[in-house]
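What follows draws every value from the coordinates through simple rules; no lab data is involved. Predicted, not measured: the structure shown is a model, and the values here were computed from it. Cβ sites come from the backbone with ideal geometry, for glycine too, and all protein chains shown count toward neighbours.
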Amino acid sequence: MRILLKNCRPVDPEMEIPERADLLLEDGRISQMKTTDNQGDSSAGSAGIETLDLKGAYLLPGLIDMHAHFREPGYEERETIRTGSEAAAAGGFTTVAVMPNTRPVADNPATIELIKARAAEVPIDITPLGSITKGSAGSELAEIGFLSQAGVRGLTDDGQPVMNSEVMRRAMEYASDFELPIISHCEDLKLAAEGVMHEGYYSSILGLKPIPAAAEEIMIARDIALAELTGARLHIAHLSTFRGLEMVLQARAKGIKVTAEVTPHHLTLTDREVLGYDTATKVNPPLRGQQDLKALQQALSQDEIDVIATDHAPHTVEEKMGTFDSAAFGISGLETALAVLHQELILTDKLDWKRLVRLMYYNPAKILGLEAQGLRTGARADLTVFDPDKNWQVDTDKFKSLGRHSPYNGWELTGKVLITIKDGRIIYDDRGDQAEILY
Amino acid sequence: MLKQRKDFLGLYDVPGEDIMEILQTARSMKDIFTRSIKKVPTLRGKTVVNLFFEPSTRTKSSFDLAAKRLSADVMSISKSSSSVVKGETLLDTARTMEVMGADIVVVRHSHPGAARYLAKNLKAAVLNAGDGAHAHPTQGLLDIYTIWEKLGELQDKKILIVGDIAHSRVARSNIWGLLNLGAEVRVCGPSTLLPRQLEETGVKTYTKIDEALDDVDAVNILRIQLERQESGLFPSLREYRFLFGINEARQSRLKDEALVMHPGPMNRGVEIESSVADGKRAVITEQVTNGVAIRMALLYLLAGKEVQYENLA
């Protein structure tokens, strides 16, 4: 199958690229890129080529989300690998790293093999992460060697932070033998003390149990110290506070191997959103203060953050209904991430497309050791087409994800994922009236 | 303005003039208490449901009595006797009451925002009788009413709230109500019981009781709960009493007309000494009486436009 993408604005910070280009996709790869010729229509009409006029839409390498929960096996009522993949495709992601807090926990090769078998049935690439400790219980190391053999590219006890520093130290040492990064969910559970929102003015007036920023920062500091001790590669998941950011930058300046990711919601929303007790705003780490938001946004523009990852965390309607205290933590984030970042950060000049491609493609690929050829000739044709002018309204009822909870529900957004292509095949196409998954 | 409201959830967004309207209404209600027949037909044909998911004696009986004195039909549901123990959700329990004809749902729940959650999902009026540490507007109003009745206008009065501010819905409702009326609001307690950045509301925070008591017009003493000591927020009740308890010596430094208040239930000998609780400044029993009047006023104001004031006569 051959597809000609005409008149797009390609984005790839790693190569010289025309402002407007036509791309030819053949046999699942990019076979040709050339400057759009506005004069004639030379390449049209060739037999056997499906031609799409993208009318100046942006063309990005297919985005990589290195932090999502697809819940399978064990919690298929929240999400499955299939529904999660559809949500990913609709959000412009062609590769997703899935978190190991399934049931059973992905602490063994058999569970990894099961996830890979399910993943083989969906068109996007899924890279399963393994747990650090058995059952993510924080006491004994998981069989990291076997996990590595099974193809795991990162280790994390996301959601169940490793509280025992000795265990974390040994995990870092052992993981280094397999060149695996430790992805750390930084939260001192004792200090977080079953809080439900960021500690500050709004928690004080709402009467909700607060989570101090220090609960995250203490563990960032600890893990940086352990990374220095062990020489391991440390990746901080969902960094959300300005002091945490400062610590990461200081560590990096000292040569410690630490990277950090930030979520779209921590880049665009604050704890003020919790006024009204909407459970869609309940997330861990919690939506932070204005100072944190500003610091994270500024860090983006100074290339101080490595990755934007969604922390897509779907739950059932029942888990998210009821009072704020009783609701589960988590935001269904795959289907809004790119459009929200475009509207809130790109259109306001806090982020540009080239940086975005580093944050959501090159850097996560590098951390997880994934192939990333970008838009080069011969690269796998994993592509995301984003129409910057399309106006739409977020409606969680229309999500492909089973997780129907988003703090952006009802938002009017400018800019939307138009087409997602995986291995040269269109897997999502929203050019018609109805957004449609084609696979 | 108040008659436009569907629900009454807290004092945060209630302007001073509306609070005054409630206080004036409560005063007319209080007149009824002195009659030999302590009942008016105002809410005849209206149904009030008391949904109490937390143990409560005083607030629940106060609402019960308030509704009955207005001739409403009253149903009271408490957690132990409800379907909640069978796993029914808060909303389903409330909806069941609504379809049985509840016009006003009075709700008490341990989770902040529970009343707002019901308000968003029910057609019936929702009256917050306490939601976690968030708000307890009828308690806040009855405290304010008591000060107003004794001392007049609240503008520039100095009111001190002592105790566990962090976990107190009573404190939060008092703070917003008093601030909206132009009072100076102080809170005092150990730092472990003061919520962060509370000063941004406009209150003044103190950790030394003797400084906090200086020149106040009323001191409202909150119940200190043993479970806070057990969770490590202060070392002992004995030390709390020593540092923050209102005793004779501290009381003697107050202005002549200053009031001593307590929303109850009291721990005599801990946050308040018995001689102070029973002393000449104490208005603690009047707070309870005023509570019924305030709740009658709010039930009346929430009952809808067709219920008119003249019916009170």
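GNM remark for chain A: springs join alpha carbons under 10 Å apart, and the peak mean-square fluctuation among A:Leu338, A:Leu267, A:Leu368 falls on A:Leu368.
When the Cα gyration tensor is reduced to axis lengths a ≥ b ≥ c, the ratio a/c is 1.5 or higher for the stretch A:114-197, and with a/b not above b/c it is classed as oblate.
For the protein assembly as shown, the orientation-averaged shadow of the C-alpha convex hull comes to 36.4 nm² (one quarter of the hull surface). Peptides B:274-285, A:252-263 ordered by packing proxy, namely the average of other Cβ atoms within 10 Å per residue, highest first: A:252-263, B:274-285. Taking a straight Cα-Cα cut-off under 20 Å and skipping sequence neighbours fewer than 8 places away in the same chain, the lysines within cross-link reach of B:Lys150 are B:Lys30, B:Lys158, B:Lys255, B:Lys280.
When the alpha carbon gyration tensor of the stretch A:183-312 is reduced to an equivalent ellipsoid, its three semi-axes come out at 25, 16, 11 angstrom, largest first. What does DSSP give for chain B in terms of the percent of beta bridges that are antiparallel, rounded to the nearest 5? Close to 5 percent. Beta-bridge orientation, the protein assembly as shown: approximately 35 percent antiparallel, per DSSP, counting only bridges with both partners inside. Classified by the C-alpha gyration tensor, the stretch A:61-368 has a rounded form. Its axis ratio a/c, with a ≥ b ≥ c, is below 1.5.
Comparing A:Phe70, A:Phe178, A:Phe242 in a Gaussian network model of chain A (Cα springs below 10 Å), the most mobile by mean-square fluctuation is A:Phe178.
For chain A, the 222 nm mean residue ellipticity estimated from helices alone, with every DSSP H stretch of n ≥ 4 adding -39500 (n - 2.57) and the total spread over all residues, rounds to -7000 deg cm²/dmol. Charge tally around A:Ile3: other residues with Cβ under 9 Å, Lys/Arg +1 each, Asp/Glu -1 each, net 0.
Assuming charge only on the beta carbon of Lys and Arg (+1) and of Asp and Glu (-1), the dipole of the stretch A:61-368 about its Cα centre is about 500 debye to the nearest 20. Any idea how far apart A:Arg103 and A:Lys294 come out in nm if each label point goes 7 Å out from Cα toward Cβ? In this crude label model, A:Arg103 to A:Lys294 measures out at 4.4 nm.
Each other residue within a Cβ distance under 14 Å of B:Ile272 adds +1 if Lys or Arg and -1 if Asp or Glu, for a net charge of 0. Counting beta carbons within 10 Å around each of A:Phe324, B:Phe63, A:Phe146 and listing the fewest first gives the order A:Phe146, A:Phe324, B:Phe63. Distant-in-sequence amide contacts of B:Ile161, defined by a placed amide H-H separation under 5 Å and a gap of 5 or more residues or a different chain, comprise B:Arg186, B:Val187, B:Cys188, B:Asn220.
Taking the C-alpha atoms only, the angle from helix A:165-176 to the longest principal axis of chain A is near 30 degrees. Of the peptides A:119-127, B:131-139, the order by per-residue mean of other Cβ atoms within 10 Å, starting with the highest, comes out as B:131-139, A:119-127.
Kirkwood radius, chain B, all distinct C-alpha pairs, inverse of mean reciprocal distance: 19.9 Å.
Taking every residue in A:269-282 and counting other chain Cβ atoms within 10 Å of its Cβ, the average works out to 2.
Scattering from the stretch B:42-104 was approximated by placing one identical point on each alpha carbon and applying the Debye formula without solvent; log10 I(q)/I(0) at 0.11, 0.13, 0.22, 0.30 1/Å stands at -0.25, -0.34, -0.90, -1.25. For chain A, find the longest principal axis of its Cα atoms and tell me its angle to the long axis of helix A:81-90, 0 to 90°, nearest 10. The helix A:81-90 is inclined about 60 degrees to chain A.
By the count of other C-beta atoms within 10 Å, a proxy for reagent exposure, A:Ser401, B:Ser62 are ordered fewest to most as B:Ser62, A:Ser401. Each of A:Ile427, A:Ile308, A:Ile218 was scored by other Cβ atoms within 10 Å of its Cβ. Listed from fewest to most, they are A:Ile218, A:Ile427, A:Ile308. Of all DSSP beta bridges confined to the stretch B:37-163, the antiparallel ones make up roughly 5%. Taking the helices alone, chain B has a mean residue ellipticity at 222 nm of -11500 deg cm²/dmol, built from -39,500 (n - 2.57) per DSSP H run of at least 4 residues and averaged over all its residues. Viscosity 0.692 mPa s, temperature 37 °C: Stokes-Einstein D of the stretch B:116-155 from its Kirkwood Cα radius, in µm² per second? Translational diffusion coefficient: 275 µm²/s. Per-residue shielding of A:316-327, expressed as the average number of other chain Cβ atoms within 10 Å of the residue Cβ, stands at 4. Along each principal axis, taking the top coordinate minus the bottom one, the Cα set of the stretch A:120-275 gives 51, 42, 29 Å in descending order.
Peptide B:114-122 is shielded by partner chain Cβ atoms: per residue, an average of 3 of them sit within 10 Å of its Cβ.
Near A:Leu239, within a Cβ-to-Cβ distance under 9 Å, what is the net charge of the other residues, with Lys and Arg +1 and Asp and Glu -1? Value of the local net charge: -2.
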